[in-house]
């Protein structure tokens, strides 16, 4: 199976929970030798560290749509704004968007909160599955659907 993991990846100096989740997910999928994983990220330092990953993991910049489409993936698992790259096109691809947290007014200004909410509504229409990392996150997203 060919899988694209699209999202942030841990860097040398800092990383967040979403980045660590993406890296571990890619490594777990790659344990099965018949799987191929393409990590699509915007962190060029990660793309240049190919030697620290198994051979069945490759890298691409998220905005390189031609390279992403040539990979001919079966599934994309994406998070955050990276999912926007897969809303249109990529027709024969199962699309999974991962929800890692719910933006709040403390962390986000009101305009950013509203933009994130609009993006999430678009993703709900364009993706086959939405997967939350916790019951609490799931509850918050489900209650915001109205």
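Kindly indicate which of 99, 84 is closer than 12 Å to residue 6 by Cβ, touching a helix residue (DSSP H, G or I) at 6+ places or on another chain (Cβ under 9 Å) and either surrounded by 16 or more Cβ atoms within 10 Å (Cβ to Cβ) or at pLDDT 90 or above (or both).
Numbers: 99 fails: closer than 12 Å to residue 6 by Cβ.
So the residue among 99, 84 that is closer than 12 Å to residue 6 by Cβ, touching a helix residue (DSSP H, G or I) at 6+ places or on another chain (Cβ under 9 Å) and either surrounded by 16 or more Cβ atoms within 10 Å (Cβ to Cβ) or at pLDDT 90 or above (or both) is 84.
Quick one: residue 53 ticks every box in (1) within 15 Å of residue 9 (Cα to Cα); (2) surrounded by 14 or more Cβ atoms within 10 Å (Cβ to Cβ); (3) modelled with pLDDT of 90 or more; (4) out of contact with any strand residue (DSSP E or B) (no Cβ under 6 Å at 6 or more places or on another chain) except a single one, so which number is it?
Every condition holds for residue 53 apart from (3).
Scan the range 120-146 and report the pairs whose first residue is surrounded by 11 or more Cβ atoms within 10 Å (Cβ to Cβ) and whose second residue is part of a helix (DSSP H, G or I) and modelled with pLDDT of 85 or more, with Cβ atoms within less than 6 Å and a gap of 6+ or a chain change.
Hits for this filter: 123/83.
May I ask you to verify whether residue 105 is in contact with a strand residue (DSSP E or B) (Cβ under 9 Å, 6 or more places away or on another chain) and modelled with pLDDT under 90? Break it down into steps so the answer makes sense when it comes.
On the way: in contact with a strand residue (DSSP E or B) (Cβ under 9 Å, 6 or more places away or on another chain): no; modelled with pLDDT under 90: yes.
So residue 105 fails the test.
The values are calculated or read from the model by the stated rules, or taken from the named source; none is laboratory data. Since this is a predicted model, take the numbers as computed values, not measurements. Backbone-built Cβ (ideal geometry, glycine too); neighbour counts: all protein chains shown.
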